[in-house]
Amino acid sequence: MSSTTKSPANQEKQWNIIKNVFCLEGTFSLLEGGEGEEEMRQVLRLVQQVGAGQLVLDFALDAIWVTLRKVIVPKFWSHFIVYSKQKNDGDDESSEGSVEVMSRIATAVSELYDSAVSFIPQIHKCEMLVDQTGAVYEACVAGGLMEHFKLHLRASLHSQMPTSFTLLIHKFYTAAFKVFYHTQVGNQGEETDETSEEPIQCGGCDAATDACHCQAITNTFCQVNRQLLELDLLERLAGDVVSSLLLGVITDHVTTTCRDSYDQSRIKQLEKWVENIVVGWLEVVYCGGRGQLSSADPAIQTLVTNSLNQTYIAALYHTYTTTRIDQLFNIVIEYPESQPALEDIRDCLDRTHLRDRLVSSLRSAIQTRLLHPGVNTTDVLHAYISAIKALRVLDPKGVLLELVSEPVRQYLRGREDTVRYIVTSLTDESCSELCEELLVATPLVLDDCPTEDDPSDPWQTWTPDPVHAHTLKSKSQRTADIISMLVNIYGSKDVFITEYRTILADRILSQFNYNTEREVRYLEHLKVRFGETLPLLHKCEVMVKDVADSKRINSSINSDENPRREKQKFPVSCMILSAQFWPSFKEERLKLPEEVTRDLDTYTEAFQELKGNRTLNWKPHLGQVQVEVELKNRTLNLTVTPTQATIILHFEGRSKWSIEDLSSVTQVPKTVLRRKITYWQTQGVLQEVETDVFVLVEGEEAGEESGEATVAGISSPSLAPPAIEEDEAESVMASAQDQREEELQVFWSYIVGMLTNLDSLPLERIHAMLKMFVQGSVECSQQELRAFLDRKVRHHHLIFTNGLYKLPKN
Amino acid sequence: MKVRIKGWTGVATWRWVANDDSCGICRMPFDGCCSDCRLPGDDCPLVWGCCSHCFHIHCIMKWLQSQQLHQQCPMCRQEWKFKE
Ligand SMILES: [Zn+2]
Ligand SMILES: [Zn+2]
Ligand SMILES: [Zn+2]
């Protein structure tokens with residue numbers, strides 16, 4: 001400290017100078033900012049002389065902070081507090097339009113901006129002080145005192161922000177965004193046809209077209225943003241609303257774009273749209289106008305690029321994926337048209353974490369829309385097939401499918417007509433995707449024959465199964481083909497081939513079509529699929545061969561050279577079956593009329609002669625009979641069942657029969673007879689005159705009524721549709737399920753024994769124990785066993801609780 | 001009314017006229033086939049011996065070939081002779 005400065009008067013004078021230059025008392029209004037450089041240097045020297053650098057800096061900065069806190073910031077907020085009061089006084093929200101809000105904000109911001117700018121010289125002085133005297137300030141931010149100042153400004157503003165402000169700033173940015181969006185959409189030419197007429201109202205500012213003030217809004221908006229940005233306040237005050245507006249419009253746009261159409265890929269186009277909107281809007285906010293990004297501060301450029309990718313594109317993916325997930329059931333049903341949407345979802349799933357949501361959403365959609373009694377098995381199956389194909393697009397590893405479709409499989413297992421439908425469509429050319437699948441020759445991949453993952457799978461390209469996979473089936477089972485997946489519903493080939501055999505038998509015995517070419521072809525495909533050696537398929541082969549053999553035997557027996565033909569009143573042909581290879585028949589009794597039996601016997605003799613040491617056992621109720629029924633006024637040419645033929649033949653000899661009498665001559669039970677006789681009632685040949693008594697109705701003599709017209713009833717046999725009555729369409733075979741059920745009964749006594757001794761057991765244990773004790777007698781998969789046990793539960797022979805089966809008490 | 005049958009297509013199963021249901025050698029039903037065959041009937045016929053026992057032809061042939069000294073019916077041990 002120098003001695004020349006020590007006089008008190010001098011000291012006071014010097015202190016005053018310092019005080020004024022640095023506004024230590026906070027009287028910034030007196031500030032001229034006009035000290036010359038020389039003067040400033042002197043003052044700084046002075047401060048250094050008295051060693052007061054730190055003291056002066058502390059005072060000077062404190063004065064600035066206090067002024068900010070007590071004067072500048074309250075003044076800024078006062079613009080909005082007034083508004084807040086007005087509002088509370090009962091004016092409704094809309095009392096102030098966006099125009100007023102904009103001008104209010106613009107005024108407040110530019111006032112704040114001016115005040116802040118006026119501090120700049122003062123900040124510079126302080127910076128010099130720091131440089132010259134080595135005084136220090138508590139530096140919370142990098143970048144010098146100016147940044148420190150901005151930090152204080154932000155902090156003060158934030159601590160005093162009135163609640164109404166958020167609302168106002170929202171209104172302000174929303175209005176500006178609307179203008180921006182209007183022009184943006186206009187530029188992209190996406191405007192809808194509403195604009196074909198000259199609009200009366202500007203879509204941007206809602207004013208009449210001729211009074212549009214979009215430009216004014218944009219100008220004010222740009223000014224406010226620029227000022228806030230310079231003060232580093234933009235992000236703090238408006239960051240949230242800037243992004244929420246974008247997010248809102250992205251969500252709306254995605255939802256609209258994706259509504260009800262799945263046949264186009266949308267994601268690239270949406271990405272472009274989002275990029276346009278986001279960059280455009282951020283340019284307007286941060287760079288002072290469209291197209292200004294390239295010339296903006298690199299920091300701003302980084303901000304825009306980062307937020308585009310991290311926030312908005314991410315939001316697009318999220319929104320798009322959730323929207324599609326909500327539609328996924330329809331998307332699945334509409335496969336393959338929906339392939340593009342599925343590919344989009346697949347790509348999105350890699351970038352979002354929505355897999356779990358997808359699984360649970362689709363599962364519940366399936367539950368509510370598909371798995372209820374109102375939906376046909378056909379439709380459930382069709383949906384299942386679509387799901388197999390569609391979910392493979394999403395996830396070729398099949399994990400999603402496995403997770404989603406288990407309830408469907410379980411449900412299909414419980415429906416009685418499932419196997420029959422699958423088998424029918426497998427072998428019916430007119431119907432199907434399934435038929436096509438069958439023609440693709442790949443062996444089945446089944447649950448009950450564990451297969452190793454393909455060893456040729458190169459290890460370099462190996463990827464771990466997704467996390468869910470460990471609880472699931474092996475990879476090859478998950479990716480099996482569609483027919484395998486369908487067969488796996490039941491987990492056993494036998495169930496399927498048994499059903500196929502029944503259907504084949506029915507087809508042969510209802511159509512009497514001796515042309516076996518088609519069946520032979522399907523058998524070949526089934527052999528490729530199900531394995532050459534399956535005993536059940538071998539039986540099917542013999543059945544088809546029976547048809548071909550029968551054709552040959554018939555033509556030989558009925559050839560002109562055969563002398564027996566003379567004896568026969570009508571031509572007889574026969575479907576000759578190898579009993580050991582056919583499924584068992586429903587037993588039905590029928591005693592044929594004498595004249596019929598005689599001709600059938602003649603046929604039998606011919607057969608015996610042809611095939612020495614072999615004879616025939618007729619199944620009299622099976623077959624097809626061409627009859628001509630000649631009535632007084634008409635002649636009917638019909639194809640009927642043997643039972644129907646027998647009935648009408650009896651009426652030929654006697655015009656009135658009671659069910660009782662007819663039943664005793666035909667040996668057909670009365671209930672069956674009653675059902676069969678309705679056919680002749682609908683033909684108008686028989687009439688029930690009293691309960692269970694029927695008479696022949698001959699009709700009027702020809703010509704009496706409308707002459708020739710009534711003869712229209714005659715049609716040539718080849719044109720007459722097979723007049724098999726409806727219930728005749730039902731299977732003549734005992735159903736496959738009945739047969740299987742019978743086989744499974746073998747297990748029942750073992751199961752009862754187990755449960756008597758061990759009280760209660762889970763499915764797996766029962767299955768394992770059966771395998772041990774009943775080895776080899778009957779093949780039965782765990783799934784099939786479950787179905788069997790569940791039927792027992794339904795019939796109250798078992799109780800199922802907590803995953804355990806047990807016997808009911810007593 | 002007159003009913004005229006113009007054609008009758010019936011259904012029947014064929015069987016061997018034999019005094020037993022199954023082959024004493026392979027234990028399979030006669031109406032099926034022997035364990036070496038896939039198709040019954042013409043392709044796997046029965047033959048009768050003079051002792052009136054009968055077998056799948058493939059079964060008895062195999063049996064006879066395995067008999068070194070005497071060709072006997074496996075059921076009654078009488079000398080096997082094909083019945084004409
Ligand atoms: Zn044999
Ligand atoms: Zn044989
Ligand atoms: Zn013998």
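The values are calculated or read from the model by the stated rules, or taken from the named source; none is laboratory data. Remember, it's a predicted structure, so these values are computed and weren't measured experimentally. Because the Cβ atoms are built from the backbone with ideal geometry, glycine has one as well, and the counts that use them run over all protein chains shown. Each accessible area value is taken on the protein alone, full model and side chains, heavy atoms only, with ligands, DNA and RNA left out. Shrake-Rupley method; radii C 1.70, N 1.55, O 1.52, S 1.80 Å.
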Förster radius 22 Å - calculated FRET efficiency between A:THR597 and A:ARG674, Cβ distance, rounded to 0.05: 0.35
Zone residues, segment A:113-138, relative to A:VAL71, backbone N less than 13 Å from point 7 Å out along Cα-to-Cβ: A:115-120, A:122
Residue-level accessible surface for A:ILE17, protein heavy atoms, 1.4 Å, Å²: 70 Å²
Sequence of A:ARG154, A:ARG674, B:ARG4 when ordered by accessible area, the most exposed leading, probe 1.4 angstrom: B:ARG4, A:ARG674, A:ARG154
Extension gain (nm, one decimal) between A:THR107 and A:GLU566, 0.36 nm per residue minus Cα-Cα: 153.2 nm
Shielding of A:578-590 by partner chains, average beta-carbon count, 10 Å: 3
R0 of 51 Å, Cβ-Cβ distance A:ASP58-A:ALA216: FRET efficiency to nearest 0.05: 0.65
Residue-wise HN-Hα coupling along segment A:669-678, computed from phi with Karplus coefficients 6.51, -1.76, 1.60 (Hz; x: Gly, Pro): x, 4, 4, 5, 4, 4, 5, 6, 6, 4
Net length gained if the chain between A:ASN376 and A:THR166 were fully extended (0.36 nm per residue, minus Cα distance): 70.0 nm
A:GLN223 versus A:THR533: modelled label distance in nm, points set 7 Å from Cα along the beta carbon direction: 9.3 nm
Potential lengthening between A:THR682 and A:ALA155 on full extension [0.36 nm per residue; Cα-Cα distance subtracted]: 180.2 nm
Average beta carbon contacts from partner chains per residue of A:624-632, 10 Å cutoff: 4
Buried area at the B-A interface (accessible, heavy atoms, 1.4 Å probe, summed, Å²): 3900 Å²
Cα-based reach from A:LYS591 at 17 Å (exclusive), listing lysines while leaving out same-chain residues under 8 positions away: A:LYS619, A:LYS670, A:LYS676
Heavy atoms of A:ASP494 accessible to a 1.4 Å probe, total area in Å² rounded to 10: 40 Å²
Value of Rg to Rh for segment A:736-806 (Rh from inverse mean 1/r over Cα pairs, i.e. Kirkwood): 0.93
Solvent-accessible surface (1.4 angstrom probe) belonging to A:GLU37, in square angstrom, nearest 10: 140 Å²
Heavy-atom accessible area order for A:TRP680, A:TRP657, A:TRP15, largest first, 1.4 Å probe: A:TRP15, A:TRP657, A:TRP680
FRET efficiency, A:ILE120 to A:GLN310 (Cβ-Cβ, R0 35 Å, nearest 0.05): 0.55
Rounded to whole Hz, the Karplus (6.51, -1.76, 1.60) HN-Hα couplings of segment A:781-797, x for glycine and proline: 7, 4, 5, 5, 5, 4, 4, 4, 5, 5, 5, 5, 5, 4, 8, 6, 8
Long-range HN-HN contacts of A:GLU588 with modeled amide H, under 5 Å: none
